[in-house]
Amino acid sequence: MTHLLASLRRRLPGWLNTRTGLSTGVRLLLATGALLTVLLSSVSLYLMFYRLYVPTLLHQSPVYLQYPPAEGSGLNTTAVVSFVGTQDYRFLSTSQAYMVSMRFQVPLSEENRGLGSFMVGIELCTAQGKVVQASWRPALLPYRSPVVRLARTLLKLPFLVVGLADETEELQVDLVDGLYDRHFSPVTHARVSLSKPLQTYAVEMLIRARFTGLRYWMYYWRVPTAVVFVAAGVVWQVVFTAVAWSVLETYAGRAKAGREGMVAVEGPKAPSASASASPVRSASQRRRMRRRARRSTSRSASASSRSNDVSDDNSGLRRVPAL
């Protein structure tokens, strides 16, 4: 067993083989753990801040148009778009500007080409039906001459035949620019109207956030911004910990010095009531002790005198001559 431990010790690196090296290794391990903890906490704080500060960039909702029962009835093509469903909650940020637009996917039919310009209207409403903002915008399908349409059709003809392409056109109409959601009147749904019955394949409403300032950098430049914020968080935590530690050490040193100074100024403590009463109680004891001492002294004196008499008698007996 001893040989095994010795061989294991020889195989250890130098910085773990000595007492100083072991201390250095432990310190390095503790410093690495502390740095990782600070780094993870900074990353978590940045993710929480990003989640709370940067809203969703794009909200998409399908629009199902309701056409009038007959042409010439004087009714417009309408639709109601709900953003929150049956629930009543806020889905837009109150401190963020939004752009509201509609995207139409329409067929290149003769009816749509013959519509000309038409109006697209929108009313943004609260859950109680109050209109927060309304807007009307003109729209027109892009014009292409017959020659251009024929050339485009010929170019896409193989794909049209096999079904990889279709004769559709995408039209996007910007309706509201700079929408701010109100704190006490959040937008929950919208009412859409078309002045003419446009033939469509699909219609979609888009609410897009227009990021500026810090939100722009945090969203479009995510990695550099994250690195800067995490590094700043690490530096701030390290500096705060160092300052707090120095303040605590200073306070503890001053408190200790103050206690030592108070002890030096006060000097020895005053005797307590029991200690002050002890001399009063010991006076009678001292008198008794004196009496006992006198008695013992007198007894010892009498005993010494008796011993002297006995010694004298013995000496007298020695001096008597023998007959």
Near pairs, Cβ below 6 angstrom, 6+ apart or cross-chain, from the range 126-142 (in contact (Cβ under 8 Å) with a residue 12 or more places away in the chain) to any residue that is of a type in the set (Asp, Glu): 127/88; 134/123
Hey, residue 195 within 30 Å of residue 130 (Cβ to Cβ), surrounded by 11 or more Cβ atoms within 10 Å (Cβ to Cβ) and free of Cβ contacts under 8 Å to residues at least 60 places away in the same chain or not: no
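Yes/no matrix, rows are residues, columns are (1) part of a strand (DSSP E or B); (2) over 25 Å from residue 69 (Cβ atoms); (3) of a type outside the set (Phe, Trp, Tyr):
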| residue | (1), (2), (3) |
| --- | --- |
| 119 | yes, no, yes |
| 122 | yes, no, yes |
| 132 | yes, yes, yes |
| 144 | no, yes, yes |
| 183 | no, yes, yes |
| 203 | yes, no, yes |
| 208 | yes, yes, yes |
Residue within the range 98-116 that is under 27 Å from residue 181 (Cα atoms) and without any contact (Cβ under 8 Å) to a residue 12 or more places away in the chain present: no
Failed criterion for residue 218 (all others in (1) in contact (Cβ under 8 Å) with a residue 40 or more places away in the chain; (2) in the same structural domain as residue 100 (by TED's automatic domain parsing) hold): (2)
Answer from 175, 198 - the residue that is in a loop (DSSP other than H, G, I, E, B) and under 22 Å from residue 102 (Cα atoms): 198
Residue tally, condition of a type in the set (Phe, Trp, Tyr) and over 29 Å from residue 46 (Cα atoms), over the range 185-241: 1
Filter result for residue 233 (part of a helix (DSSP H, G or I) and without any contact (Cβ under 8 Å) to a residue 12 or more places away in the chain): no
Selected residue (only one of 27, 51, 90 is outside any helix (DSSP H, G or I), out of contact with any strand residue (DSSP E or B) (no Cβ under 9 Å at 6 or more places or on another chain) and farther than 30 Å from residue 201 by Cβ): 90
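The values are calculated or read from the model by the stated rules, or taken from the named source; none is laboratory data. Computed from a predicted model, the values in this text were never measured in an experiment. Because the Cβ atoms are built from the backbone with ideal geometry, glycine has one as well, and the counts that use them run over all protein chains shown.
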